[in-house]
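The values are calculated or read from the model by the stated rules, or taken from the named source; none is laboratory data. Because the structure is predicted, anything quoted here is derived from the model rather than measured. Cβ placement follows ideal geometry from the backbone for every residue including glycine, while neighbour counts extend to all protein chains displayed. Accessible surface areas use protein heavy atoms only, side chains included; no ligands, DNA or RNA. Shrake-Rupley method; radii C 1.70, N 1.55, O 1.52, S 1.80 Å.
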Amino acid sequence: MFRYRNLRFLLLFYLVALTLVLFRLFQIQIWSQDLYERNALMATLRQSTVALLRGSIQDREGNILARSSAAYDLEVRPNEIKDLTVLAEWLELSSQEIHKKWEDLQLQYVQDEWDLLTDKVAEKLLPSLNRQYKTHSLKELVQKIGKKAWEESVESWKTENPKTTQLLKKWASSEIKNKYYLLIPNLSYDLACRLRMAHIPGIQIQAMSRRIYTHPNVAPHLLGTMGLLNREEYEEKKFYGYLPIDPIGRTGIERCYEEQLRGPRGLRLTEFNKESLQRKILFEDILTPNQNVSLTIDLELQAWTESVLDASTGDGPGLFACVIMRVDDGQILTMASRPRYSLSEFSTQYEELVNDPNSPLLNRCIQNRIIPNPGSVFKLLTAIAILEENVLSTPSAEVHCKGYLFNPKSFRCHVWASRHGGHGGVTLEQAIERSCNIFFYHYGEQLGIDKLAFWAKKFGFGQKTKVEVDHESRGLIPTPEWKKKTFQKRSKEEKAWTVGETRLCAIGQKVEVTPLQIARLICAIGNGGYLVQPHLVHQVGKSYRNEEPLCHPETLKRVREGMRLVVEGSQGTAQRYGLQKYGFAAKTGTADTKKGKPPHAWLAGYAPQNNPEYALVILAEYAGHGGEICGPLAKKILDKLFERTTLLSKTPKTLAGQ
C-alpha cells in the first residue's frame, strides 16, 4: 500500500512537470513568438543619429551668405581594422597615405585614453589640491597651477599608485574600444554609398553637416564662426540634444542665433548580421534645415564698402571701421571692419590670426583692444547738452577763439599749429563747422562733467547697444566717481577730478566710444531725437526706437545746421570732398592717441539733409586728420549707397510678405 501511494505521487509529480514544460514551450513558440522575433530583430539593429542641417543666413535681398549641405565622413573602430590595404584600395590611397592617416588616428585614440585616465586620476587628486589652492573646479585648478604642473601631478600620482593606474587604464581602454574615429572627411556621395555596401568590418559612414560660406571674405565678423563642442560644453549641452560631433556657433550671428539656426537631428536605423557587418539601412529620415536668419545687411553695399576700405592708401596701419544704418529704425545696412579674415580659411589660419598684431579677429565697429576716443565727433553730443541745459546766455552767444584758451602751451585749438591764430568769434553752429576746440572748452566747463555725462548716457554712450553680435564694448564716459573708484589707491590729489578733464571730455578726448555708438547718435540727430536700437535681424511690427524724443526740435535744428556747414560752409572741415552731391551733413574728428602715434580719423554724418535716411560713420585708426582721411572714403561709399537707395527699402525684401 505504501509503495503504491509513493508511485502515485511520483506519477503526479512527473505529470505536473510535463505540463509546465509543455506550457513553457507553448509560451515560447506560440504565445511569445512575436516578442522573441522582435527581440532577435532588435539585436541586429542599431539606431544612430544623422547630422542636422543648420538654417541659412541671408542678406536683406535674400542672397545666401551661409548655408549647410550634407557631407560624409569615413569613421573607423581602430581595434576592428585588421587590414589597411583593403581600405586603401577603396579610397584610392597609396600605402604611405593610408598609414599616415592611421598614425594620426592612433594618436587621437591614445589621447582619448589618456584623457579618460586623467579624469579618473583627477577624482583622486582633486580633493587634496582643491584644499591647497582653494578652488572647486578642475578648470580653475589647471588655470591656477598651469597645464604642465597639472600633468606632472597626474604622472606623479600614477607612479605612486601603479596597481590602481593599471585598473584605470584597463577601464579607459574598454570605454573607448567601441568608439568610432574620423579617418577620412568629406567623401563623395558615390564613394560613401559604395563603402556602405562593401560591408567592411569596423567602418561606418557618418552623414555630417558642412557649413558653406558663399562669400567667405565678406562680413566674417558678422556671420561668425563655427566649432565643435569641447568636453565641458558637451556636458552642459547634452541635455539639449547635442552630441560631441555637433558644430556650434562660436561668434557672430552663428552664435547669437544658435537656437534658431540649429536644425533637427535625423534618425537612421541600420540592420547588421551576426558578424556585426552592416547589411542595409532600414530607415533614414529626411534632413530638413531649421529656421533661416535674414539680416538687414545689404551684400552688395557691404562688399563694396569693404573693397573701398581695402583699397585705401596712406601711412596708417590700415585699421578701419565703417557703419551704415537706417536713421529711422536702426537697421544696419553695412558693418565693415578691416583687417578681416576668410571664413573658409579660419580654422587653418587660427593661430596666425590670433597672433597678428593688427587683430583681424576684432570687429572694430563694436570692440577694440584700446577703445578709441571720438575726438571732435563727440562735440555734437556736447552741443546738444549745452543747448538742452541752457548754458548759452543768448542763442547767438559767441566765444572768441584766439587759438588757445589761456596760453599757447595748453588747451589749444587745432588751427593754432598751422596759423598761430584762432577762428575769431564763433557761434555754436560755426564751432561745429570749424571744429573749434575753444568754444567747447569754454562752454563745456560751464556745463560741467555731471551734466555732460548725463546727456552722454542718455544717448547710449558708456553702455552696450545690444546689437546681435557678441563681445561688444561699453566704451567709457568718465566721471569724478569713476576716477575715484578707478584710482582709489592713489593720493587724494591724484583721485580728484579737474576742470581740465571736463574740458577734454567736452571735445571727445577722454571719452571712449565705438563707431556703432556714434552711428546711434547720428541717427538720433537725423530722425528728430529718437534713440534707435541698432540691429542686424529685423522683426516686422517691432519698434526699434524710443517713444519720445530725447531733446527739443530747436536743439536739433541748430546742431543739424552746424553739420550742414561742415560739408557746405566755406570753412567746413569736410567741404573739399564732393559730399554736397548727396546732401551729406557731417562732423569730422581727429582724436589724439598715445604720444608718437598718429591720431585717429573720424567722419560721421547723415544724408540727405532734408529727409535723413542713412547714417554713415567711418573710423581710420592711427591714420591722420578726420576729413582728409575719411572724406574721400565717404564719397566712394555714398556713391554706391545712393546707387542702391531704391532697393534699400524700409522693410527688408526677405520680410516684405510678413
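Selection of the range 214-250 for residues being in contact (Cβ under 8 Å) with a residue 24 or more places away in the chain, over 19 Å from the mean Cα position of the chain (by Cα) and part of a loop (DSSP other than H, G, I, E, B) yields 241, 243, 245. When residue 551 is tested against (1) open to solvent by 70 Å² or more (accessible area, probe 1.4 Å); (2) over 32 Å from the mean Cα position of the chain (by Cα), exactly one condition is not met: (1).
Contact list please: Cβ distance under 7 Å, first residue in the range 382-399 and in contact (Cβ under 8 Å) with a residue 12 or more places away in the chain and assigned to a helix (DSSP H, G or I), second residue surrounded by fewer than 22 Cβ atoms within 10 Å (Cβ to Cβ) and hydroxyl-bearing (Ser, Thr, Tyr), pairs at least six apart or on different chains. Filtered contacts from the range 382-399: 384/555; 387/555; 388/555.
For the residues 547, 568, 561, the requirement of being of a type in the set (Asp, Glu) and over 26 Å from residue 642 (Cβ atoms) singles out 547. Filtered by the rule that a residue be crowded, with 20+ Cβ neighbours inside 10 Å, under 20 Å from the mean Cα position of the chain (by Cα) and either among the charged types (D, E, K, R) or more than 15 Å from residue 605 (Cα to Cα) (or both), the range 515-539 gives 534, 535, 536, 537, 538. In summary, residue 448 fulfils each of the numbered conditions (1) touching a His at 6+ places or on another chain (Cβ under 9 Å); (2) at pLDDT 95 or above with the single exception of condition (1). Residue count for the range 553-573 satisfying the condition of being part of a loop (DSSP other than H, G, I, E, B) and not small (Gly, Ala, Ser): 2.
Contact annotation: residue pairs with Cβ atoms under 7 Å, 6 or more positions apart or on different chains, pairing a residue in the range 533-547 that is at pLDDT 90 or above with a partner that is part of a strand (DSSP E or B) and open to solvent by 70 Å² or more (accessible area, probe 1.4 Å), are 533/545.
Could you tell me whether residue 507 is in contact with a helix residue (DSSP H, G or I) (Cβ under 8 Å, 6 or more places away or on another chain), free of Cβ contacts under 8 Å to residues at least 60 places away in the same chain, crowded, with 23+ Cβ neighbours inside 10 Å and not polar (S, T, N, Q)? The answer is no for residue 507. In the range 305-340, the qualifying residues are those that are at pLDDT below 95 and hydroxyl-bearing (Ser, Thr, Tyr), and the one that is most open to solvent (accessible area, probe 1.4 Å) is 313.
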